[in-house]
Structure formats: C-alpha cells, structure tokens
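Asks: Before anything else, here's the structure in question.
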Amino acid sequence: MSMDNVVIEDWYALSEAEAIEMAIDRHGKDGTTSVAYCALEAWGDRSDPKYHFWFGLFLKLVQREHVGWA
C-alpha cells in the first residue's frame, strides 16, 4: 500500500514539533508546506479533529512566519 494518500496516524499523540518533523519527513523540507499537505490529506471531512489539528498547526506556522511584517 502506498503511503502517498495516507494521513499520518497517531497525529493526536504528537507535540507540535513532532508533527512538523513527521510532516517534513513525509512531504519535504519546508515545514509550513508539509503541514499544509497533511491538512489537505485530512480535508475530506472538515469537521474531523484530524483536519482541525493539521490546519490549526498550519495557521500557527503561517502567523509565526509573518510576525513583524506590518
């Protein structure tokens, strides 16, 4: 079975740093983009806690990158 379409299991037990690391291992070097891909993989049911976890983490990373741009 290909891992390309499988969302990271046990996401609920990961710290944010561990989740970012797993996303990078799965999708590439950039943490924000890798986490975004994980959110997209979980997007089928937007009420799913898995989607909220990955999308929330993505938003935190985006906000962190934009601090000081004002």
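Asks: So the check is Cβ under 7 Å with 6+ separation or different chains; which pairs have a first residue in the stretch 7-24 that's free of Cβ contacts under 8 Å to residues at least 40 places away in the same chain and open to solvent by less than 50 Å² (accessible area, probe 1.4 Å) and a second one that's in a helix (DSSP H, G or I) and among the aliphatic types (A, V, I, L, M)?
Replies: Sorted first by the residue in the stretch 7-24, then by its partner, the pairs are Ile8/Met22; Leu14/Met22; Ala19/Leu57; Ala23/Val35.
Asks: Cβ-Cβ below 9 Å, separation at least six or inter-chain, first residue in the stretch 46-64 and more than 16 Å from Ala17 (Cβ to Cβ), second charged (D, E, K, R) and loosely packed, with under 12 Cβ neighbours inside 10 Å: which pairs?
Replies: Going by the 9 Å Cβ cut-off, the qualifying pairs are Tyr51/Asp45; His52/Arg46; Phe55/Arg46.
Asks: Next up: Among the helices (runs of 4 or more DSSP H) confined wholly to the stretch 14-70, which include 2 or more residues that are β-branched (Val, Ile, Thr) and modelled with pLDDT of 90 or more?
Replies: Hits in the stretch 14-70: 16-27, 31-41.
The values are calculated or read from the model by the stated rules, or taken from the named source; none is laboratory data. Please read these numbers as outputs of a predicted model, since none were measured by experiment. Cβ sites come from the backbone with ideal geometry, for glycine too, and all protein chains shown count toward neighbours. Side chains included, ligands, DNA and RNA excluded: accessible areas come from the protein's heavy atoms. Shrake-Rupley method; radii C 1.70, N 1.55, O 1.52, S 1.80 Å.
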